[in-house]
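Quick notes on the structure that follows.
The values are calculated or read from the model by the stated rules, or taken from the named source; none is laboratory data. Keep in mind that what you see is a predicted model, and the values were worked out from it rather than measured. Here the Cβ positions follow ideal geometry from the backbone for every residue, glycine too, while neighbour counts run over all protein chains shown.
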Amino acid sequence: MRPWCLQGSTGDERLMYIATVALCACGGCHNSLLAAGEPFVSLLSEHTISFSSYLFDRRTISPSDVVLATGGIRNHEELEIAREIERTSRKVIAVGSCAVYGGLPGARDREEPPAVSEGAGLPEMLENVMPLDSIVGVELYLPGCPPPPGLILESLKSLEGRYEPPHFDGTVCSECPRTVEVKPVKSWSLHPGCGVPEGSCLLNHGLLCLGPVTRGGCLAACPLEGSICIGCRGPSDMVLSSQLHSMYSDMVKYVTLSTASRREKVEKKLSAVLETIYLFTRRDPVIRAKVKERVPGE
Amino acid sequence: MSNDVSNLEGSEELGGQKVRLYPVTRIQGRADIEIIFTPYHEVSEARFRALEVRGLDRLAVGMPALRVPQVLSRICGSCGPFHQLASCMALENATGAVLPAAAGTVRELLCWLWLAHSHLLSIIYTVLPDLALPMSDMAVRNITGIYMVEQEAVSRLFRIQAAFAEALGTVAGTLVHPAMVVPGGVSSIPDVRTLSHTAELLEGCEDDLRETLRLLEMLIKRDAQMTFTGTTLEGHYMAATVEGVPFPLGDEVTVKPFGEGEPVVLSHRQLLDGMVEAPVQWSYLVPVSLKGADHLLTGPLSRMNMGYGPDTKWADLECNKCVEQWGRPLDREFLAYMALMLEVIRAWEKSRLLLEEWSPAGGVACAAPEFSAASGVSVVDSPRGVILHSVSVDGSGIVEAYKVVSPLQFNCPMMNRHLSGIARKVVTGIEITDAVAQRLQFAVRAFNPCVPCGTH
């Protein structure tokens, strides 16, 4: 149980102490939040920033009502920061797929980090990247690379009690205006070739778009621009719903149906690019269990 | 996390003590500043240390090359689109894919929009607190502190940022890590309606841009009197150029000395061949210099020193006014903040020119690359400076080797020398006050360091 309860301590029941923390992250999730612009700063000005190295010059992690945490945990320093967050904060929002699943840095097993001298005081690397909830109790998960600015802002507002937390149980496909037909595909690619006609499903043109198995909420931004979904928001509720589903097996099923292909042929093709299906989610314990079960040799 | 900026590490180095300022705030990523003292409590050296590493460039090895640009976009949450572009261009260089003209125009438009938006976020969240409230308590020295007392000025900036964000959303779909740029071109060409909406959005920014420029000019003049220690930047400045004029997708790299000397023009390959990497034991960042140019500066102030060219009249005029006021070369750290604003104006002018001269939307979006065993190199000038990508692929399109060099790696030696110079002037003992810590961080922020970019 966390000992801190700041909201209301000043006599104003609405005032929250808000922090943002970046662990092993590229900064994209923070930039997505900052790009929310005036509504974000206006919201912050109604509350108090307790800690945010992106916004604020205070150097210590202070007790907070809400922490927006981005990034996974890759080194001992990040591990300590995560433990500090766990001790001192009431609610934590895991922002972005690195925080939720471990993200891209966990796409492969650890490689040797650059050599540094022992006395240099640089943080030592962990064996593998860990998702945030390995250490911290997470109130709200907000996957995406990065989540759209509006989505992060809505999540923050939801903890004020103004709104229900945003949740998208559909897939990217369910938000995509492109129309799928059942028709055969000659070959498969990760590249749009000379471009894909507007309105036509990318899978129908042989592009391995992960939209059918990926969680929605991004308004299908990538397929809309003619580029494949690379699964940055992780698996949809359907994929997570039972042991009989995985991103790989559901993708095989969907592609087999939509392209009237033989299942073995699709399985072979997707096995060859398996790593790219689990780019963002490989470090998540639930996903790893499914990958092991569904794909021999992984 | 350190509780106090004067937190002593207690370890011995160079016979003296070290003080650690951790973390450096209002920058991208996690870093500290280490100040090393002589036994007589004089500053021997101050250095910026990157404390994180992710190794995404190593992740690219063994991956299908066509997937790599979208992955390497995740090197940086700020300059990500420029890494994606550099990765695509390196693959195009390796495969010999010829970029369709329409795709080239879309990429150029995206570059200017991304550059302006990235700079605007830096101005709002980093520059404005430093300039508007340099001596204030840290509790209010942030954008919300300014917003509460000077809402209109901040709202003006947010209106410009929102216009560029919407323009980017309209053209590219997403702001951060957009998928639109692919090897061989772009995934789609924006239609006429998208382009005219983008033009309208930009047109509406002019008054806010003028007001904001005047505000920053005034603040920088005031700040110059308060913070200038007499320490100027020394070494060489570098930018991607076309015929000597800075251009994000320039096919050459120009290197000029701050002092006397002739400029050197390099091809992308020559830049790669001329680089000298010098790993250090105390940071995850690998500093990079060029043969004959140990201390490099890349980024907005470099490009401002080279001049913007006559096609962007407003930015060029303001740049010349700066030169008249501050002299050439522009070698004072606080001018980097002015360079950010002038580049927003330049990007605004360039985007509008492109949209006015746009000829037929709906051209060919992309050339499909065909792989044979080959290698390629590319340079893109991102908001923070020169990015270099180098790739080797095998005949089946799998990446065999990948190398990324980021602006912070080029800037690091000059930044640390400058930081040491400032530290020697403002640090008077091992007790570091908030004002001194703020001054040291100001010296670092002038280089707009991005740690995730620097360590990949």
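Miscellaneous remarks
- Enumeration of residues in segment B:156-194 that are facing another protein chain (nearest Cβ under 9 Å), hydroxyl-bearing (Ser, Thr, Tyr) and under 21 Å from A:Cys194 (Cα atoms): B:Ser187, B:Ser188
- When each of A:Leu270, A:Leu244 is tested for being within 26 Å of A:Cys98 (Cα to Cα) and not in a loop (DSSP other than H, G, I, E, B), the lone residue that passes is A:Leu270.
- Taken together, the criteria exclude B:Pro369 from residues that are within 14 Å of chain A (Cβ to nearest Cβ) and modelled with pLDDT of 95 or more.
- One residue stands out in segment B:114-155 among those that are farther than 21 Å from B:Phe334 by Cβ and of a type in the set (Asp, Glu): the one that is nearest to the other protein chains (Cβ to nearest Cβ), namely B:Asp137.
- Residue within segment B:128-140 that is hydroxyl-bearing (Ser, Thr, Tyr), in contact with a helix residue (DSSP H, G or I) (Cβ under 6 Å, 6 or more places away or on another chain), outside any helix (DSSP H, G or I) and modelled with pLDDT under 95 present: no
- Residue ID - surrounded by the most Cβ atoms within 10 Å (Cβ to Cβ), chosen from residues in segment A:180-229 that are within 11 Å of another protein chain (Cβ to nearest Cβ) and hydroxyl-bearing (Ser, Thr, Tyr): A:Ser227
- Applying the criterion of at least 1 residues that are among the small types (Gly, Ala, Ser) to the strands (runs of 3 or more DSSP E) found wholly in segment B:242-360 leaves B:264-267, B:288-290.
- Looking at B:Val106, B:Val98, just one residue is buried (at least 24 other Cβ atoms within 10 Å of the Cβ), hydrophobic (A, V, I, L, M, F, W, C) and in the same structural domain as B:Val393 (by TED's automatic domain parsing), and that residue is B:Val106.
- Single condition A:Cys145 does not satisfy, out of (1) under 20 Å from the mean Cα position of the chain (by Cα); (2) at pLDDT 90 or above; (3) over 26 Å from B:Pro81 (Cβ atoms): (3)
- Segment B:229-247 - residue that is of a type in the set (Gly, Ala, Ser) and touching a helix residue (DSSP H, G or I) at 6+ places or on another chain (Cβ under 8 Å) and, of those, surrounded by the fewest Cβ atoms within 10 Å (Cβ to Cβ): B:Gly230
- Segment B:252-287: number of residues that are more than 14 Å from chain A (Cβ to nearest Cβ), of a type in the set (A, V, I, L, M, F, W, C) and touching an Asp or Glu at 6+ places or on another chain (Cβ under 7 Å): 3
- Lone qualifier among B:Ala86, B:Ala116, B:Ala90 - being closer than 15 Å to B:His456 by Cα, assigned to a helix (DSSP H, G or I), within 20 Å of the chain's Cα centre (by Cα) and of a type in the set (A, V, I, L, M): B:Ala86
- Unique residue being in contact (Cβ under 8 Å) with a residue 24 or more places away in the chain and not in a helix (DSSP H, G or I) when the list is B:Thr194, B:Thr232, B:Thr212: B:Thr232
- Out of B:Ala90, B:Ala97, sole residue that is within 11 Å of another protein chain (Cβ to nearest Cβ) and touching a residue at least 12 places away in the same chain (Cβ under 8 Å): B:Ala97
- Within segment B:398-414, the set of residues being surrounded by fewer than 24 Cβ atoms within 10 Å (Cβ to Cβ) and either not hydrophobic (A, V, I, L, M, F, W, C) or not assigned by TED's automatic domain parsing to the domain that holds B:Ala373 (or both) comprises B:Glu400, B:Lys403, B:Pro413.
- Residues that are of a type in the set (A, V, I, L, M) and under 21 Å from the mean Cα position of the chain (by Cα) within segment B:225-264 comprise B:Leu233, B:Met238, B:Ala239, B:Ala240, B:Val242, B:Val245, B:Leu249, B:Val253, B:Val255, listed in sequence order.
- Checked against the criterion of being among the polar types (S, T, N, Q), modelled with pLDDT of 85 or more, within 23 Å of A:Ser134 (Cα to Cα) and crowded, with 16+ Cβ neighbours inside 10 Å, the candidates A:Thr256, A:Thr281 yield just one match: A:Thr281.
- Segment B:401-455 - residue that is in contact with a Gly (Cβ under 8 Å, 6 or more places away or on another chain) and not in a helix (DSSP H, G or I) and, of those, farthest from B:Lys18 (Cα to Cα): B:Ser406
- Applying the set (1) without any contact (Cβ under 8 Å) to a residue 24 or more places away in the chain; (2) under 19 Å from B:Phe410 (Cβ atoms) to B:Met218 leaves exactly one unmet item: (2).
- Condition check for A:Asn204 on (1) outside any helix (DSSP H, G or I); (2) within 27 Å of B:Cys88 (Cα to Cα): one failure, at (1).
- Within segment A:182-194, restricting attention to residues that are over 17 Å from B:Val68 (Cβ atoms) and without any contact (Cβ under 8 Å) to a residue 40 or more places away in the chain, the residue that is farthest from the chain's Cα centre (by Cα) is A:Lys186.
Residues are listed down the side, and each one gets a yes or a no for (1) over 30 Å from B:Val43 (Cβ atoms); (2) surrounded by fewer than 23 Cβ atoms within 10 Å (Cβ to Cβ); (3) outside the structural domain of B:Pro134 (by TED's automatic domain parsing); (4) modelled with pLDDT under 95:
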{"residue": "B:Val364", "(1), (2), (3), (4)": "yes, yes, no, yes"}
{"residue": "B:Ser378", "(1), (2), (3), (4)": "yes, no, no, no"}
{"residue": "B:Gly385", "(1), (2), (3), (4)": "no, no, no, no"}
{"residue": "B:Val391", "(1), (2), (3), (4)": "yes, no, no, no"}
{"residue": "B:Gly429", "(1), (2), (3), (4)": "no, yes, yes, yes"}
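- Among the numbered conditions (1) of a type outside the set (A, V, I, L, M, F, W, C); (2) more than 9 Å from chain A (Cβ to nearest Cβ); (3) crowded, with 21+ Cβ neighbours inside 10 Å, the only one that B:Gln70 does not meet is (2).
- Among (1) at pLDDT below 95; (2) out of contact with any His (no Cβ under 7 Å at 6 or more places or on another chain); (3) at the interface with chain B (Cβ under 9 Å from one of its Cβ atoms), the one test that A:Tyr54 misses: (2)
- Residue list for segment A:78-106, filter: among the acidic types (Asp, Glu) and modelled with pLDDT under 95: none
Table: residues versus (1) assigned to a strand (DSSP E or B); (2) more than 10 Å from chain A (Cβ to nearest Cβ); (3) surrounded by 24 or more Cβ atoms within 10 Å (Cβ to Cβ); (4) not small (Gly, Ala, Ser).
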position	(1), (2), (3), (4)
B:Ile36	yes, yes, no, yes
B:His41	no, yes, no, yes
B:Ala46	yes, yes, yes, no
B:Glu52	no, no, yes, yes
B:Gly62	no, no, no, no
